[in-house]
Amino acid sequence: MPLLSNSSPCCTAAAVVNSSDRKPRFVSPSWRNCKVTSPILRLSQNDKFNVSRLALSHSRRTISMALVGETVGVGQKGQVASSSGILAYDLIQGALVRWSSVMDRSLPEPPTAVFLHGILGCRKNWGTFARRLAQEFPTWQFLLVDLRCHGDSASIKKRDPHTVASAAMDVLKLVRELRITPRVLVGHSFGGKVVLSMVDQAAKPLARPVRAWVLDATPGKVRAGGDGEDHPAELISFLSTLPNEVPSKWDVLRALIQQGFSNDVAQWVVTNLRPSSSPGSQSSSFSWVFDLRGIAEMYQSYEETNLWKIVEDVPRGVHVNFLKAERSLHRWALEDLQRIHAAEELAVEEGGGVEMHVLEDAGHWVHTDNPDGLFRILSSSFQFQGGKI
């Protein structure tokens, strides 16, 4: 049973959770609480346990790691460990994992999968899904990351430009510092292009073989949503007109719906608001957790970035999987499908791999529209032994 329960899609302090130990192994750097409500540690009523907080901070080009022990009881909010680092993350470990990049260096590294969210999302979007994978595949661990300008990573200052490539390099730096060599990379929408850029930029610290999953995104041109569907560029533009601090989430929700965005999108956007009023204050107010200016640059880069070269010349030992949501037709032109199918045949000859999948009964939000179907499709990546994929 997962230990960390999140009542909204966005982020709080990160914890390394082992599904059988009933305790986090350590906690990642976390600098801003973007939860609408506080995180609840679901344990038996009288349980208390020690949490080791891992703070990653730069010092003379190196990463210094500080372990701080603290006692956390049911319902107690975690404390911020550091105001600097690379990215905020959660590391969710299966029941049979006994490894830590800090404490158990003599143990072999378990296979690791990295999960990346899309624009205006955060790592908690993948929390429930990753915990389910950890229960089904107990020898694996799952790294969930807040990309730059998003979630808890928004308060970590990053140099311009804010692009697909720079977001990918952030993740590569993070896994390098954690001494993790990912075997599976999964990215949704914008995160899918980040996955392709990771493959493009580094032979290490990516393993060979490695499986890359690009969920409902193409390597090249980004097509706008159809009627009744989300329009990220328009959404970002409208959010930029709103004040940084608002009196209530309801006001933002109503404004989004009046602007023509769906209720689902509006509800999702307001999870990026956090309480900003001081404790005991008579008035309430909320502020945005993300860096909207940086996100606008990232989305522009997403539209402009072309990574077909990775698909049509797949590095040896890399298997690229595309997943198209059945009801997300506007994102996929006939040209895209034809190029991917042609790449499938060529990759076999070159020692790589390209494969196309379709997730039935799902729109763009694949991990919420049809989580069972997505679980079945992705599970093949976690069933290999001895390095064979």
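The values are calculated or read from the model by the stated rules, or taken from the named source; none is laboratory data. Every value quoted in this text rests on a predicted model; they were computed, and no experiment measured them. So basically every Cβ, Gly included, is an ideal-geometry build from the backbone, and we count neighbours across all protein chains shown. What goes into the accessible areas is simple: the full protein's heavy atoms, side chains included, and nothing from ligands, DNA or RNA. Shrake-Rupley method; radii C 1.70, N 1.55, O 1.52, S 1.80 Å.
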**Request:** Using the structure shown, select from Lys157/Lys324; Lys124/Lys157; Lys124/Lys324; Lys173/Lys193; Lys173/Lys249; Lys158/Lys193 the pairs with a Cα to Cα distance greater than 27 angstrom.
**Result:** Lys157/Lys324; Lys173/Lys249
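Using a 1.4 Å probe on the protein heavy atoms, what percent of the accessible area of region 232-291 belongs to carbon and sulfur?
Working: 1620 of 3270 Å².
Carbon-and-sulfur percentage of accessible area, whole number: 50.
Nearest 20 debye, what's the magnitude of the dipole of region 232-291 about its Cα centre given +1 on Lys and Arg Cβ and -1 on Asp and Glu Cβ?
Working: 3 positive and 5 negative charges, 32 e Å.
Its charge dipole is roughly 160 debye.
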**Complete:** region 232-291 accessible area per residue, 1.4 Å probe, protein heavy atoms, integer Å², reads 54
**Request:** Output ³J(HN,Hα) for region 119-136: one whole-Hz value per residue in order, computed from phi by the Karplus curve 6.51 cos²θ - 1.76 cosθ + 1.60 with θ = phi - 60°, and x for Gly and Pro.
**Result:** 4, 6, x, 7, 4, 5, 4, 9, x, 4, 5, 5, 5, 5, 4, 5, 6, 7
**Message:** Let me cross-check His341: its accessible surface, 1.4 Å probe, with only protein heavy atoms counted, in Å² to the nearest 10?
**Reply:** 90
